[in-house]
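Taking it in order: structure first as structure tokens, then the write-up.
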Amino acid sequence: MKKSSENKPEKLKKIGPDAMTPSQRKSFFAFYKRNESRRLFGFFKDVARSSVNNTLLSKYLQKHKDVKCLVAGCSHWANPLDLNKFLRGFNKEININIVALDVLPEALIEAIKHKVLFTPLLTPAQNTPFLDCYFDIVVADGLLNCCSFEQHNSIVKELYRVAKKDAMIILGLGYSKKRLVLKSKERSMTVYCRPFSSIRGLFLRRGFYFPKNSSVGTIFGDGKEIKIDNCIAIKR
């Protein structure tokens, strides 16, 4: 799965989330173990509240016998299992191959210990080893919000590069009225939020589009100043 020589990744000063102490990292992953609804299991339930999303995924997956999937950011060891179960709800016969990546190894290692069938990859989302147009499904729930603003454009650029034409990008996008940086108490991680038009604009300018009525809104656990857009984007 070698990457094309084109579209070389940008050189960035920061990669991944802000630095955390060992105790903060332990607290971060413990949060998702305590709160099942905050792992992909709960995220997919929110996405499926839109009849538009269900129709899009059903039509797309019914046309495929095999799908290659990328989980960009893996905060819980069961996330690949959640994705597998979610997609099989639309096509029980489909063959699903899942790659999960993160710059923090904890959940990936635990998934291996639980003998989850997936390919773990310790790498930042903006610099992956995959061929252009490789994945049918990409899942990025809160990925941009875990990374500093300067990383957002390069992450979206890489998601676009590795996604096939018409690929489904299942997104959880935290947004706020103005640019906001805060330390999440419940997750022990610094969170970066843009205004709604700004975070969507990153995807629109790159070449994705958002189907009408795909959005399902929820509120970030720490308060009302951050809302979450659970939605699907499609690569043109």
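The values are calculated or read from the model by the stated rules, or taken from the named source; none is laboratory data. This is a predicted model, so every value here is computed, not measured. Quick reminder, even Gly has a Cβ in these numbers, built from the backbone with ideal geometry, and neighbours come from all protein chains shown. Surface accessibility is based on the protein's heavy atoms, side chains included, excluding ligands, DNA and RNA. Shrake-Rupley method; radii C 1.70, N 1.55, O 1.52, S 1.80 Å.
Points worth noting:
- Residue check, ASN97 out of contact with any helix residue (DSSP H, G or I) (no Cβ under 7 Å at 6 or more places or on another chain), within 23 Å of ILE234 (Cα to Cα) and not hydroxyl-bearing (Ser, Thr, Tyr): yes
- Residues within segment 156-171 that are buried (at least 23 other Cβ atoms within 10 Å of the Cβ) and either small (Gly, Ala, Ser) or touching a Cys at 6+ places or on another chain (Cβ under 7 Å) (or both), tallied: 3
- Restricting GLU186, GLU225 to residues that are open to solvent by 10 Å² or more (accessible area, probe 1.4 Å), over 15 Å from the mean Cα position of the chain (by Cα), more than 30 Å from CYS133 (Cβ to Cβ) and touching a residue at least 60 places away in the same chain (Cβ under 8 Å) narrows the list to GLU186.
- Qualifying residue in segment 121-138 (condition: in contact with a Ser or Thr (Cβ under 8 Å, 6 or more places away or on another chain), in a strand (DSSP E or B), of a type in the set (A, V, I, L, M, F, W, C) and open to solvent by 10 Å² or more (accessible area, probe 1.4 Å)): yes
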